[in-house]
1. Looking for something open to solvent by 70 Å² or more (accessible area, probe 1.4 Å), basic (Lys, Arg), over 19 Å from GLN197 (Cβ atoms) and not in a strand (DSSP E or B) - is there at least one such residue anywhere in region 75-96?
2. When only residues in region 56-65 that are over 15 Å from ILE14 (Cα atoms) and modelled with pLDDT under 95 count, which is surrounded by the most Cβ atoms within 10 Å (Cβ to Cβ)?
3. Would you confirm whether any residue within region 52-64 is within 23 Å of the chain's Cα centre (by Cα) and of a type in the set (Asp, Glu)?
4. Being more than 22 Å from TYR110 (Cβ to Cβ) and either modelled with pLDDT of 90 or more or open to solvent by 30 Å² or more (accessible area, probe 1.4 Å) (or both) is the filter here; which residues of region 149-173 pass it?
5. Could you grab me the full set of residues in region 8-54 that are touching a Phe, Trp or Tyr at 6+ places or on another chain (Cβ under 6 Å), buried (at least 19 other Cβ atoms within 10 Å of the Cβ) and farther than 20 Å from GLU71 by Cβ?
6. List pairs: first residue in region 137-148 and in a helix (DSSP H, G or I), second residue hydroxyl-bearing (Ser, Thr, Tyr) anywhere in the structure, Cβ distance under 8 angstrom, at least six positions apart or on different chains.
7. Report yes if some residue within region 168-189 is part of a helix (DSSP H, G or I), touching an Asp or Glu at 6+ places or on another chain (Cβ under 9 Å) and either among the polar types (S, T, N, Q) or at positive phi (or both); otherwise report no.
8. Can you report the number of residues in region 47-74 which are in contact with a helix residue (DSSP H, G or I) (Cβ under 8 Å, 6 or more places away or on another chain) and in a strand (DSSP E or B)?
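The values are calculated or read from the model by the stated rules, or taken from the named source; none is laboratory data. Note that the structure is predicted; figures quoted are calculated from it, not measured. Here the Cβ positions follow ideal geometry from the backbone for every residue, glycine too, while neighbour counts run over all protein chains shown. Heads up: the accessible areas ignore ligands, DNA and RNA and are worked out on the full protein's heavy atoms, side chains in. Shrake-Rupley method; radii C 1.70, N 1.55, O 1.52, S 1.80 Å.
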Amino acid sequence: MEKIQVLELLYNNISETMTQCGFAPEYKEGARKTGCPVYERGEAVVMDFSGTKGVTRFVFSEDRIHLLFAENNAPREDDSAFTKDSTYLFVLDEYTDRDVKSIAGEVNEYMNETFIVKKKTAVKTKNISTVSRAAAKSGALSYDPITFATKLAGVYPELKEAIAENIETYGEFLCEEFFVKHGTPCIERTIRENNPQKMKRLFNIICEIYEDGTNEVQSLVCVTALGFIQNDPELMQRILPYLTDSMVEPVFAVSKKLKASKGARMRLQNPPKYKPKKQKKPGLLSQLMGGGNPGPGMPM
């Protein structure tokens, strides 16, 4: 396929979603105002959509398709006023229409989550208080479970609605409930897929949260978020390059414990039913590591 053909096929698979999200094809002056609005710009090909929410631009240059956004008054001659949001690999000599449709699926999901689902959850989540990166790095505060969940929602936009529903249902954020039902399946999907770019993005968040997190959030990472690995050699090897040094020992120890203990696996898969907060008990990580406080050298 030629670059223009790629964007034409992409257009055919995303045009309905773009319309639902409030974006219509934007044609160059003098061009026929029907069908795909793609045009050539030097070695690249470009396709624009616009609406009241701004301008969405696709630029196919070399072996990358870039998704960019800008304000409505942005000049169209180049991309200087646009912000690059996502990039999709597409090698003309190797990829086919099936790969175009796969990219279209990702674009459709992203646009829906950004411009439709996001509006629905904005009111529900506006009062959620999270820990900023600056506060965590300075030591003023530590990352907590709700911050972990909201950072994950940046990778998996579908989690935004689940966070809002969790808080609306219980009046507070039940982290185990959320991760068992929603967060961990997303993490597991990425690890099993083993796409290096997605793995790096995911573990950048997980490692940052762990290193500057509370004991509760560290337990959440080791036990609930990564507990599904259960000492699987292949999965362990996949995640090892992405773990920080301080994470390796507790993550591997918990994974082995969950593999060996049916009771621990059952507790993980069936978190306790919600009860109003009383006195805090040791986290599941602490229980799995032998009860009480972690021993010397255990970075908790």
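1. No, region 75-96 contains no residue that is open to solvent by 70 Å² or more (accessible area, probe 1.4 Å), basic (Lys, Arg), over 19 Å from GLN197 (Cβ atoms) and not in a strand (DSSP E or B).
2. SER61
3. So far as region 52-64 goes, no, none of its residues is within 23 Å of the chain's Cα centre (by Cα) and of a type in the set (Asp, Glu).
4. Hits for region 149-173 are ILE167, GLU168, THR169, TYR170, GLY171, GLU172, PHE173.
5. VAL45
6. ILE146/SER129; ILE146/THR130; THR147/THR130
7. Looking for residues that are part of a helix (DSSP H, G or I), touching an Asp or Glu at 6+ places or on another chain (Cβ under 9 Å) and either among the polar types (S, T, N, Q) or at positive phi (or both), one finds at least one in region 168-189, hence yes.
8. Adding up the residues that qualify gives 7.
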